[in-house]
1. Got a number for residues in the range 50-62 being farther than 18 Å from Val130 by Cα and either modelled with pLDDT of 95 or more or buried (at least 18 other Cβ atoms within 10 Å of the Cβ) (or both)?
2. Give the range 141-159 a look and list any residue that's more than 15 Å from Gly65 (Cβ to Cβ), out of contact with any Cys (no Cβ under 8 Å at 6 or more places or on another chain) and buried (at least 17 other Cβ atoms within 10 Å of the Cβ), or say none.
3. Can you report the number of residues in the range 225-273 which are without any contact (Cβ under 8 Å) to a residue 60 or more places away in the chain and closer than 19 Å to Trp181 by Cα?
4. Would you say Thr110 is more than 20 Å from Ser205 (Cβ to Cβ) and at pLDDT 95 or above?
5. Residues of the range 185-203 being of a type in the set (Asp, Glu) and either open to solvent by less than 60 Å² (accessible area, probe 1.4 Å) or at pLDDT 90 or above (or both), which ones?
6. Assess whether Ala121 counts as being of a type in the set (A, V, I, L, M) and crowded, with 20+ Cβ neighbours inside 10 Å.
7. Restricting attention to the range 161-184, does a residue exist that is of a type in the set (S, T, N, Q), open to solvent by 60 Å² or more (accessible area, probe 1.4 Å) and under 27 Å from Phe73 (Cα atoms)?
8. So which of Tyr262, Tyr250 ends up being within 20 Å of Pro190 (Cβ to Cβ) and out of contact with any Pro (no Cβ under 6 Å at 6 or more places or on another chain)?
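The values are calculated or read from the model by the stated rules, or taken from the named source; none is laboratory data. No experiment lies behind these values; they were computed from the predicted model shown. Virtual Cβ from ideal backbone geometry, glycine too; neighbours counted across all protein chains shown. Calculation scope for accessible area: heavy atoms of the full protein, side chains included, ligands and nucleic acids excluded. Shrake-Rupley method; radii C 1.70, N 1.55, O 1.52, S 1.80 Å.
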Amino acid sequence: MAEKFSLQLAFALIALIAAIFYSGKAQFVFNKINQIIHGKRGCSPIVSIGHVTLHYFGLRGRAEGIRLMMEDFEIPYAETNYSHDTWPEIKKKGIETGLFTFGQVPAITTTGGLQLVQSKAIMHHIGRSVGVDCDCSDIHTCEVLVYGAEDLRSKLGPVLYSPNFSAKLRDAHLESVVYTWLSYFEKLAPVNSTDKGIDGLYFASDRLTWVDYVMFDLLETYVEFGRLTFDGEADRVDVLTDFPKLSAFYENFSSRPRLAKYLKAERRAPFRM
């Protein structure tokens, strides 16, 4: 009798799984089960990341988005910063040990034994660990935003760290590149919609996700870029003046209490050395 009941139960479970699968709701159901197991929202939540060591240089650069997330979520972390003089030898050892997978930083190590490189991969991992991964149905939107942000960010380094960097070079970059790209992001920027129950300005999933930190870091980078001074050669530029939705997101996000405290902290690394 017990064997017959077990078979009936097995067939019932198979039928249920098949019904869910063919209904097109399988991903939704599995996502909900994953959320229940981890107690966190998002498409692929994971356990807490633990204590983090961030490996980078003593400036903001591509590590700042990582810092923003760790500060806002109070993730305990320490930094190992390298200088221009120490980096070549450190890089060689890091490649040998596997810490620097591509011979680059930022990289993180954790008390759980994780070693991870690539700034956006690190931010996504942190997002999964604190419950701000994107919803499964929204992954494509998040990827478009992140890859778009990376495309724009990649154009900054050759300008900002050029030996010929000047007010003229900065303004030319703003006019020829930055304003065009910000106009793209302005079309994708969130609009506060109380009728949908949104309690803030978020780029995806109608809630806070790791992508918001990517976008804030990108915008703040260019806000700081526009604020650079050149001994009277050029005035500071408010790069968000013509982009009201991006400006609203920037102001709203920068007012997050723990984030606002960090943004003003003396211990924060300089924008440009």
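1. 6
2. Result: Val159, single match.
3. 10
4. When the stated conditions are applied, Thr110 passes them.
5. Scanning the range 185-203 gives a single hit, Glu186.
6. Against the criterion (of a type in the set (A, V, I, L, M) and crowded, with 20+ Cβ neighbours inside 10 Å), Ala121 does not qualify.
7. no
8. The conditions single out Tyr250.
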